[in-house]
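Everything on this sheet refers to the single structure shown next.
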Amino acid sequence: DQQVKQNSPSLSVQEGRISILNCDYTNSMFDYFLWYKKYPAEGPTFLISISSIKDKNEDGRFTVFLNKSAKHLSLHIVPSQPGDSAVYFCAASAPGNTPLVFGKGTRLSVIA
Amino acid sequence: EAGVAQSPRYKIIEKRQSVAFWCNPISGHATLYWYQQILGQGPKLLIQFQNNGVVDDSQLPKDRFSAERLKGVDSTLKIQPAKLEDSAVYLCASSLDLTDTQYFGPGTRLTVL
């Protein structure tokens, strides 16, 4: 049973436009959500996070939106740059020291 | 600041052989994690250490996998004997403490033939 789902395996966006990556979760106990970015042959790199007490968190070109009632979060990248081309993983955790649960990832390609 | 170091970066073995992976976390990070990432999947936690103690090993296949962090710094993950389905990238991560942001190493890509 997949608790964190990224239903789009890939996404292609033109440079300068907005990239929107989506993530759904099923476990209502999750209260902390993260996005990681992964380049080939490298480990995942932390990008941005959001707590369930917020519905939006922004860091430069990256914004994460959380819709708790829909159990849905999204990552917006504006404007998209070729260097943003990578695999993006959504992850979630429940309160206390519970493991991070990762989605399968979405491969973003930003075309110049 | 140096990141999480892992070695080797690549390993090819035959089934039923043994293999070991090494991880050196970021200096001062008390919590260390080993993840398995199978192709097309997200990372899955195998084991979590806090200093030299195991916090969570519920998803570690203990009949063949073992891990240790004897001095509370670097760690070794071993598979003995390996199966074909163990082919994956093994990622090590560390964090300052239990609920802090995790920083990942580059991983070890294991191929079992």
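Quick note: the coordinates plus some simple rules give every number you see, no bench work behind them. Just so we're clear, the structure is a prediction, and the values are computed from it rather than from any experiment. For neighbour counting, all protein chains shown are included, and Cβ atoms are generated from backbone atoms with ideal geometry for every residue, glycine included.
Return the residue satisfying two criteria in turn: it lies in region B:95-113 and is among the hydroxyl-bearing types (Ser, Thr, Tyr) and farther than 17 Å from A:Ile48 by Cα, and of such residues it is surrounded by the most Cβ atoms within 10 Å (Cβ to Cβ).
Going through region B:95-113, the residues among the hydroxyl-bearing types (Ser, Thr, Tyr) turn out to be B:95, B:99, B:101, B:103, B:108, B:111.
From what's left, farther than 17 Å from A:Ile48 by Cα: B:108, B:111.
Numbers: B:Thr108: 22, B:Thr111: 14.
Among residues in region B:95-113 that are among the hydroxyl-bearing types (Ser, Thr, Tyr) and farther than 17 Å from A:Ile48 by Cα, the one surrounded by the most Cβ atoms within 10 Å (Cβ to Cβ) is B:Thr108.
So how many residues does region A:90-112 have that are more than 14 Å from the chain's Cα centre (by Cα) and within 13 Å of another protein chain (Cβ to nearest Cβ)?
Initially, region A:90-112 is screened for residues more than 14 Å from the chain's Cα centre (by Cα), giving A:94-99, A:109-112.
Among the residues that remain, those that are also within 13 Å of another protein chain (Cβ to nearest Cβ) are: A:94-99.
Within region A:90-112, residues that are more than 14 Å from the chain's Cα centre (by Cα) and within 13 Å of another protein chain (Cβ to nearest Cβ) number 6.
Confirm whether B:Gly42 is away from chain A (no Cβ under 12 Å), outside any strand (DSSP E or B) and either surrounded by 15 or more Cβ atoms within 10 Å (Cβ to Cβ) or in contact (Cβ under 8 Å) with a residue 24 or more places away in the chain (or both).
Answer is no for this residue.
So which residues in region A:63-89 are closer than 14 Å to A:Asn7 by Cβ and either facing chain B (nearest Cβ under 8 Å) or in contact with a His (Cβ under 8 Å, 6 or more places away or on another chain) (or both)?
Correct list: A:Phe89 only.
Please identify the pairs in which a residue from region A:25-52 that is at the interface with chain B (Cβ under 8 Å from one of its Cβ atoms) has its Cβ atom under 7 Å from the Cβ atom of a residue that is surrounded by fewer than 21 Cβ atoms within 10 Å (Cβ to Cβ) and not in a strand (DSSP E or B), counting only partners at least 6 apart or on another chain.
A:Ala41/B:Pro106; A:Glu42/B:Pro106; A:Gly43/B:Pro106; A:Phe46/B:Thr101
Those residues that are closer than 19 Å to A:Pro82 by Cβ and either surrounded by 15 or more Cβ atoms within 10 Å (Cβ to Cβ) or within 13 Å of chain B (Cβ to nearest Cβ) (or both), I need them from region A:53-62; list them, please.
Looking only at region A:53-62, we keep the residues that are closer than 19 Å to A:Pro82 by Cβ, and these are A:60-62.
Hit for region A:53-62 is A:Phe62, nothing else.
Taking the options A:Ser12, A:Ser8, name whichever one is hydroxyl-bearing (Ser, Thr, Tyr), under 18 Å from A:Val110 (Cα atoms), in contact with a Ser or Thr (Cβ under 9 Å, 6 or more places away or on another chain) and not in a strand (DSSP E or B).
Matching residue, one of A:Ser12, A:Ser8: A:Ser8.
Kindly indicate whether B:Gly72 is of a type outside the set (S, T, N, Q), more than 14 Å from chain A (Cβ to nearest Cβ), more than 14 Å from the chain's Cα centre (by Cα) and farther than 20 Å from B:Lys11 by Cβ. Walk me through it before giving the result.
Working: of a type outside the set (S, T, N, Q): yes; more than 14 Å from chain A (Cβ to nearest Cβ): yes; more than 14 Å from the chain's Cα centre (by Cα): yes; farther than 20 Å from B:Lys11 by Cβ: yes.
Yes: the conditions hold for B:Gly72.
Can you name the number of the only condition in (1) crowded, with 16+ Cβ neighbours inside 10 Å; (2) more than 21 Å from A:Cys90 (Cβ to Cβ); (3) not polar (S, T, N, Q) that B:Leu84 fails?
(1)
Of the residues in region B:45-61, how many are under 12 Å from the mean Cα position of the chain (by Cα) and in a strand (DSSP E or B)?
Narrowing region B:45-61 to residues under 12 Å from the mean Cα position of the chain (by Cα): B:45-49, B:57, B:60.
Next cut, in a strand (DSSP E or B) only: B:45-49.
Matching residues across region B:45-61 total 5.
Could you tell me whether B:Pro61 is under 14 Å from B:Val112 (Cβ atoms) and either surrounded by 14 or more Cβ atoms within 10 Å (Cβ to Cβ) or away from every other protein chain (no Cβ under 13 Å) (or both)?
Details: under 14 Å from B:Val112 (Cβ atoms): yes; either surrounded by 14 or more Cβ atoms within 10 Å (Cβ to Cβ) or away from every other protein chain (no Cβ under 13 Å) (or both): yes.
Here the answer is yes, as B:Pro61 does meet what is asked.
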